[in-house]
Each structure stands twice: as C-alpha cells, then as structure tokens.
There are 2 protein chains.
Amino acid sequence: MTQQADAPEPAEPKPAARSGEGGGARERIFRAAEWLVAEHGFDGVSTRDIVARAGANVAAVNYHYGSKTRLLLEIFRARATELNRERTQLLRQTLEAEPDNPRAILRALIEPPTLWVDDDRRIALRFLNRARYEGPLEIRELIRTDVRHLRRFADALASALPELPRDEVIWRLHFALGVLHYNQPTDYARLALISDGACTPEDREALMERLLQFICGGFGF
Amino acid sequence: MTQQADAPEPAEPKPAARSGEGGGARERIFRAAEWLVAEHGFDGVSTRDIVARAGANVAAVNYHYGSKTRLLLEIFRARATELNRERTQLLRQTLEAEPDNPRAILRALIEPPTLWVDDDRRIALRFLNRARYEGPLEIRELIRTDVRHLRRFADALASALPELPRDEVIWRLHFALGVLHYNQPTDYARLALISDGACTPEDREALMERLLQFICGGFGF
DNA sequence: ACGCTGTTCAAACGCTTGTTTCATACAGTA
DNA sequence: TACTGTATGAAACAAGCGTTTGAACAGCGT
C-alpha cells in the first residue's frame, strides 16, 4: 500500500523465533549468507541459495534487509567493526605498556585476524577477506575510504620509530598488510605442493610469530 | 551438420582482417576481453560486452574459442607464460652471474611484474592479478597446481641461503609473494589517503627498490 | 559457374538472477 | 471478537546471462 521505495525497516528485529531452528529468520539469513559467501565466494552465492540454507522464503532477504547487497554490507560492517575493535583494544594496551616497541604494535595488527582462524570467527574472517576482492562495489568502496583504523597504527608506528620518515612507515605498513592479507585466505595446499609437504598448516601462534618476524625484518628491526 | 560437440577449431586463424580495425575478429576479441576484464573484473564483463568492444557478433566468442571460459583461459595462459618466461630468463642470467646473491634472485622474481606496469603490458598484468582472485575455477585451479615456476625460485634461494632450512625459505618466499601480489593491483589512492598525500605513485624503479628492500629484510639480510 | 570452406549475423533458446506482488497466517492489543 | 502491524509463502516479474541455431556471406581453387 504505502509505496515502500524506502527501506522496510521493521522496528524491532523479532521477539522470538517461530521454530526451534536458531533465531529469527532475519538472523538465520545473516548467518546463512555469511557462511555461504565464506565458503563459495560473493559471486557464487545467490539469494535463493541463502534462503534455502536459512530455511526461509525468497522474499525474506528483501523484506528484512531491503536488498541482497544491503544484507552483505550489514554482515561486512558487523564483522569489520568487531575486528577493528579487537585490534584497537590491543593497540591501546600495547601503547600503555610499551609505547615505543614497534614489534608489539605490529603484533596488535596481526594477532586478531591470525587467531580468528582458530575459533568460530573463522567464517567471519573468510568473509572479510573475500570482501576485499570479490565484494560488491559498496563494500569495496568502504574498505578503500575508511582508513581511520590504519591511521592509528601508522601514528603509533611513526612515534615508535622517530628516525623513520612517516611516508616510509606507511609504505612498509602497506607491505605488511600485503603479507597479512595474502596469507589469510591461503589454504596451504599450494604451499605444501611447492615444499613437498614441508610447509604444513601449523600452530597459529607459531604462524603468527613467523609472520611477525618477516614483517619486522621488512621494517628493518 | 557434423555434430560439433568438440571444439570448432578453425584450422588457421585468419589470413587478413576484413576491415582496417586491427587484426582478425579472433584477435580483436582476445584484446577486448583482456582489456575489459582488466578494467571491470571477471564478473563485471559479459560475452556481449566483449563482442561489442571487439566489433563482433555475440556468436563470435563461442565460434572462435568454444566458450567464454576457454577464451579467458587462453588469455591467462598466454600472459602467464609470458611473465614466467621473463622471470625465468632473468633468474638464469642471475644464477650465471652471481648464484649466491639472494637479493638478485628475489629481484628476478619482482622486477618483471613491477616493470610491466609501465608499458603496454599493464593491461596484461592487471588481468593476471585479477585472475588470482576472481577468475573462473579453471584458471584458479591452474594457479594453485602449477608451481614449477615457483619451485625454481625456491631452489635458487635455498642454495644461495644454505644455512636456512628449505621450508623456512619457502615460508618467506610465500610472504614475499604476498607483498608483491598485494601491491600489484593497488591504485594508490588508499595509500595517499592514509598518508595525507605523502605516499604517491612513484617511479617504478624506486618502488621496486622499496619492495626489494622490504622483502630482503623479511628474509633476514 | 560451381561447390567448398571459413566467417559473420540476427534471432532465439533455456536458464538464472534479484526483486516484487499479493494473499495469507500470526502475534498482541483494544 | 475484531483490529493492526509483522512475517511468511507461492508465484510471477523483467532483465541479463552464456550459448545455439540456421541462414547468409565472402573468397578461393577447380
């Protein structure tokens, strides 16, 4: 009736689910979409795939989220915020304890995503990593322009490395992110192939140390 | 008539083009597809986009290449072969001149793709980089399994760094590729944003030195 | 002139996509 | 008990996709 060119925006999510499945349809769709995209990629998942896994109707995605893209954007925002909060918190702790230790600063950058691989946020991380390359324009634009969070690390590193020009710090931070992001989605089958099985998926703590050592070396300490 | 479930495979490409456009339709399609994919990504380019840019008919892609995927695969193969040949040649020269200089070996890995950005192979490089993440399954599988070329670099590095265990060499080579691949598709707008304009797209030689320095540092020398 | 061969073309095929429609079922409240 | 806003369902929508068809065309050797 009332032309709903705007967002549907149901006032409240939902008091309780109808069946014992696991949350309301809105939340089930959220999780189904996140899982499917993490598994099959942004371009390998259709609206119908999502609702099938969520046990919902095709119309549910547009009813609850307005569009498929907005659903994906909401997932991205939620997970990215979560990751950034963890990093920022770790960075703050680091700066209080030892503000001039660049290694500790870099560790705050690397640790959260590396350790997420082990727990139930493995899916969330995979989603985030895919978003960088495959995600819809709205998401990629968000990644490109929202750099507040990286700036914090750049600032911390610059003041811990006063002898290094700031642009040099940022170049190396950029390189460090390369190592990190390239390493994230790795399935390690290729690494094992090159190394004849010598490089196998190891303990995440060990991997993080390895990463950190390489990056610190790149920074020059 | 003769059921053509197999490839059409026209015996010879074509003696001459029909108009003064620039090569036969087959070649025009090749270049149009490469350019479009480099520009808009694998999932942002349709068969109709390709033939429109090539000045050909919709059926031409399937006539000349069998399918859209085979066209993309042929482009990938051609460009990847070209890149690998250049790297291998450079590596051979290096190993003859100074076989125990790991920096020179890494340079042979980094230099070709970094310098391609400047000349007309910029498009080819962009295509290759996209293929790694967005390409059809056939291409990504090829990237994953064909590691002969990386093995050569692993071998060279291992023998130049005898004190380093081979699996450690491969881990660091893996990290180095991360820096390289992450850096390739960068449009530098984001870097400029973080650095308030301090980090701008610079001379490619200078960028390569910067890359090389970071990677050598990561390796520990 | 003929047929043969490689190429182009407009049109259509079958399928999937994201989205919409409208009727219905369900709460909670008056 | 009726009313109201929320949620779900089956069905259909228009548009785009990769691919196929069958006819027309050019150039060529015989």
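Has region B:156-164 got any residue that is crowded, with 21+ Cβ neighbours inside 10 Å and under 17 Å from the mean Cα position of the chain (by Cα)? Checked region B:156-164: no residue is crowded, with 21+ Cβ neighbours inside 10 Å and under 17 Å from the mean Cα position of the chain (by Cα).
Specify which of the listed residues (B:A124, B:A131, B:A97, B:A60) is among the hydrophobic types (A, V, I, L, M, F, W, C) and without any contact (Cβ under 8 Å) to a residue 12 or more places away in the chain. After ruling out the rest, the residue left standing is B:A97.
Within region A:112-129, the set of residues being charged (D, E, K, R) and surrounded by 15 or more Cβ atoms within 10 Å (Cβ to Cβ) comprises A:R121, A:R126.
Look at A:E34 and say whether it is touching a residue at least 60 places away in the same chain (Cβ under 8 Å), surrounded by 13 or more Cβ atoms within 10 Å (Cβ to Cβ), more than 16 Å from DNA strand D (Cβ to nearest atom) and within 30 Å of B:F42 (Cβ to Cβ). The answer is yes for A:E34. Looking across region B:26-41, not a single residue is more than 19 Å from B:R121 (Cβ to Cβ) and either in a loop (DSSP other than H, G, I, E, B) or under 18 Å from the mean Cα position of the chain (by Cα) (or both). Looking at A:A206, A:A192, which one is touching a Ser or Thr at 6+ places or on another chain (Cβ under 9 Å) and over 19 Å from B:L211 (Cα atoms)? Just one listed residue meets the conditions, A:A192.
The rows are residues; the columns are (1) more than 16 Å from DNA strand D (Cβ to nearest atom); (2) within 15 Å of the chain's Cα centre (by Cα); (3) in the same structural domain as B:F153 (by TED's automatic domain parsing).
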residue	(1), (2), (3)
B:N62	no, no, no
B:T94	yes, no, yes
B:E98	yes, no, yes
B:R103	yes, no, yes
B:R107	yes, no, yes
B:E111	yes, yes, yes
B:W116	yes, yes, yes
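For region A:37-55, the candidate set comprises residues that are within 12 Å of DNA strand D (Cβ to nearest atom) and in contact with an Asp or Glu (Cβ under 8 Å, 6 or more places away or on another chain); within that set, the residue that is farthest from B:F42 (Cα to Cα) is A:G55.
The values are calculated or read from the model by the stated rules, or taken from the named source; none is laboratory data. Just so we're clear, the structure is a prediction, and the values are computed from it rather than from any experiment. Virtual Cβ from ideal backbone geometry, glycine too; neighbours counted across all protein chains shown.
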